[in-house]
Amino acid sequence: MSKRIFKAMMAVTLTTLLVCMALFIAILFPYFETQLSNELRNELEYLAPNVERDGLSYLERLPDGQNRLTLIDADGTVLFDSDADPAKMENHSDRPEVIQAIATGFGESSRYSETLAKKTINSAALLENGQILRISSTQYSSMALLVSLTPSLLLVLIFAALVAVSIAYKLSQRLTRPLNEIDLKHPQVNQAPYDELKPLLRRLHHQNRQIREQIQQLQAQKRQFTAITDNMREGFLVLDADGMVLSYNSSATRLLQPEKPLDGRNIGELTDEPDFLEGLRGAQEGEHVECLVPLHGRICQLFANPVYQESTLTGIVLVLLDVTEQQEREGLRREFSANVSHELKTPLTSIAGIAEIMKSGMIASADIPHFAGKIYDESQRLIQLVRDIIRISQLDENNIHDTPVPVELKECASRTLSLLESAADAADVTLHLEGEEAVIQAVPAILDEMVYNLCENAVKYNRPGGSVTVTVRPDASHVTLEVADTGIGIAPEHHSRVFERFYRVDKSHSKEIGGTGLGLSIVKHGAAFHHAQVELESVPDKGTTIRIIFPRSAAL
């Protein structure tokens with residue numbers, strides 16, 4: 001038996017190893033080919049603008065590299081080739097990558113050489129002047145790759161086989177040794193009436209011992225299962241075929257909030273929610289149910305699965321997953337998408353309308369600069385909107401790669417107020433800077449944008465003759481940046497939402513003064529990035545004060 005176990009383990013081990021190696025080669029070659037194709041595309045994207053600008057002179061200045069560069073005229077004539085004389089090369093108008101590039105702007109093809117056992121990957125891009133820039137590189141075939149890796153693979157296979165032989169031998173000995181030590185539980189081996197019964201007595205004794213151990217293992221597994229389910233965030237219930245509760249965890253109690261313990265109660269007594277009861281009935285009818293159900297102000301995802309034994313329903317397993325926050329986030333994402341679509345549509349519609357009028361020739365020559373200025377203003381608004389969206393996305397995903405550096409906060413505020421002087425003069429708003437110098441650790445680009453958005457809003461939503469006061473106030477544990485204005489203020493019911501994306505208190509006024517509706521959202525996300533707190537105080541018709549409180553750990 002030991003030999004049979006040994007041979008079986010060796011066969012399984014070696015077969016698995018060979019299959020893994022084959023899969024490794026099968027996966028590795030397409031991966032290399034995809035990587036090469038992506039590298040060629042990226043190099044094309046880098047070279048194309050330079051070739052469009054400088055033409056052949058740019059290609060001639062390039063140093064020799066591994067990849068082959070070819071510049072092809074619109075009629076297929078080769079104008080430049082890094083590896084061959086273009087005058088001696090045939091017309092390339094029939095090359096697949098050239099045809100595809102002319103048709104779609106980008107083309108790819110591959111050609112295999114059986115003689116060299118190599119595949120040539122070609123990528124071509126259509127330039128603005130109608131010429132085609134092609135880049136080519138060679139790659140070994142999968143068989144050639146396999147041949148090149150054969151020595152290494154053989155060494156790995158031999159080493160793995162030796163290790164497998166050693167492990168299989170030891171395991172087979174360990175598995176078979178207890179079989180030769182079996183005895184009875186109660187009768188002693190030396191009490192056997194015949195020597196021939198001693199092996200049987202040994203086996204029976206060992207079998208009894210295994211039964212005891214298995215019982216102990218089952219009890220340990222039961223305790224482990226109970227510990228695991230009680231620490232699950234998901235509610236877990238096991239019911240019998242009639243819906244009576246057999247087992248449950250603490251999360252199920254938290255989500256269902258029963259007035260009495262769940263033991264032995266029918267699940268239908270715990271809630272009258274129609275979707276929950278409908279899901280339970282579906283499971284009792286043999287269906288695998290998945291649905292959303294409201295439970296005590298929360299939204300839960302219900303999974304109900306029937307349990308069968310010999311084609312007979314013996315029970316039901318229920319899992320309740322609290323997805324309230326997920327649903328809220330999904331709602332916010334949908335709202336954000338709708339707001340983005342609306343905000344993008346407005347400037348695009350304006351640009352399209354003006355362009356259509358200009359196209360029809362209905363605008364006098366003297367009015368063209370005026371309409372061109374409108375197109376420019378709308379395009380700048382569109383660009384700023386996209387920049388703000390990208391900035392918020394970066395802050396949301398913590399995708400900021402800039403390293404925080406020491407920044408003097410009062411100097412940053414002074415620089416911002418200087419940028420807003422003309423806008424403040426136009427709005428008849430006075431700017432003031434107060435406080436002390438304080439240096440904090442921050443990403444300058446994000447900090448500048450936060451301070452600018454706060455000060456710009458303070459100017460925009462002010463009143464003629466009003467003022468904006470920026471104060472930098474350090475103390476023992478924090479550094480506070482305060483922006484206070486004497487503007488129109490914000491009603492209390494809007495305080496909790498003004499930092500949301502695209503939220504505007506007065507949409508008609510916001511439309512008149514412009515902006516993307518993302519300024520305060522960027523402030524909020526930027527503060528979170530710097531581990532700072534944001535405070536808002538505002539009284540309608542009296543003014544608004546916003547504070548960003550940086551922790552002293554971020555200060556120098």
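Of the strands (runs of 3 or more DSSP E) that lie entirely inside region 437-503, those containing 3 or more residues that are surrounded by 19 or more Cβ atoms within 10 Å (Cβ to Cβ) and β-branched (Val, Ile, Thr) span 467-474, 478-485.
For region 248-272, filtered to residues that are surrounded by 12 or more Cβ atoms within 10 Å (Cβ to Cβ) and small (Gly, Ala, Ser), the residue that is farthest from the chain's Cα centre (by Cα) is 268. Does region 305-315 include one or more residues that are of a type in the set (A, V, I, L, M) and either part of a loop (DSSP other than H, G, I, E, B) or modelled with pLDDT of 70 or more (or both)? For region 305-315, residues of a type in the set (A, V, I, L, M) and either part of a loop (DSSP other than H, G, I, E, B) or modelled with pLDDT of 70 or more (or both): present. So which of 443, 479, 498, 483 ends up being β-branched (Val, Ile, Thr), modelled with pLDDT under 90 and out of contact with any Asp or Glu (no Cβ under 8 Å at 6 or more places or on another chain)? Exactly one of 443, 479, 498, 483 is β-branched (Val, Ile, Thr), modelled with pLDDT under 90 and out of contact with any Asp or Glu (no Cβ under 8 Å at 6 or more places or on another chain), namely 498.
All but one of (1) touching a residue at least 24 places away in the same chain (Cβ under 8 Å); (2) part of a loop (DSSP other than H, G, I, E, B); (3) under 41 Å from the mean Cα position of the chain (by Cα) hold for residue 44; state the number of the condition that does not hold. Evaluating residue 44 over (1) touching a residue at least 24 places away in the same chain (Cβ under 8 Å); (2) part of a loop (DSSP other than H, G, I, E, B); (3) under 41 Å from the mean Cα position of the chain (by Cα) leaves (2) as the failure.
With respect to the conditions (1) surrounded by 14 or more Cβ atoms within 10 Å (Cβ to Cβ); (2) of a type outside the set (Phe, Trp, Tyr); (3) more than 28 Å from residue 309 (Cα to Cα), residue 275 falls short on a single one, namely (3).
For residue 206, the conditions (1) in contact (Cβ under 8 Å) with a residue 60 or more places away in the chain; (2) in a helix (DSSP H, G or I) all hold with the exception of (1).
Per this entry, residue 503 is not counted among residues that are modelled with pLDDT under 90 and under 21 Å from residue 425 (Cβ atoms).
You will find that of 307, 245, 317, the residue that is surrounded by fewer than 18 Cβ atoms within 10 Å (Cβ to Cβ) and either touching a Lys or Arg at 6+ places or on another chain (Cβ under 7 Å) or free of Cβ contacts under 8 Å to residues at least 12 places away in the same chain (or both) is 307 and no other. Residue count for region 111-162 satisfying the condition of being buried (at least 18 other Cβ atoms within 10 Å of the Cβ) and modelled with pLDDT of 70 or more: 15. Taking the criterion of being of a type outside the set (Phe, Trp, Tyr), in a helix (DSSP H, G or I) and either at pLDDT 85 or above or not assigned by TED's automatic domain parsing to the domain that holds residue 303 (or both), the residues of region 232-279 that qualify are 274, 275, 277, 278, 279. Considering region 296-321 alone, what residues qualify as being more than 18 Å from residue 244 (Cα to Cα) and among the small types (Gly, Ala, Ser)? The answer is 297, 311. Could you please let me know if residue 53 is within 39 Å of the chain's Cα centre (by Cα) and without any contact (Cβ under 8 Å) to a residue 60 or more places away in the chain? So residue 53 fits the description; yes. Kindly indicate the residue of region 511-546 that is modelled with pLDDT under 80 and surrounded by fewer than 17 Cβ atoms within 10 Å (Cβ to Cβ) and also farthest from residue 467 (Cα to Cα) among those meeting that condition. The extreme case among them is 511. Within region 56-71, restricting attention to residues that are touching a residue at least 12 places away in the same chain (Cβ under 8 Å) and assigned to a helix (DSSP H, G or I), the residue that is surrounded by the fewest Cβ atoms within 10 Å (Cβ to Cβ) is 60.
Of all positions in region 17-35, none carries a residue that is in the same structural domain as residue 128 (by TED's automatic domain parsing), at pLDDT 85 or above and over 17 Å from residue 130 (Cα atoms).
The values are calculated or read from the model by the stated rules, or taken from the named source; none is laboratory data. Treat the numbers as computed from the prediction; the structure is a model and nothing was measured. We place every Cβ from the backbone using ideal geometry, glycine too, and count neighbours over all the protein chains shown.
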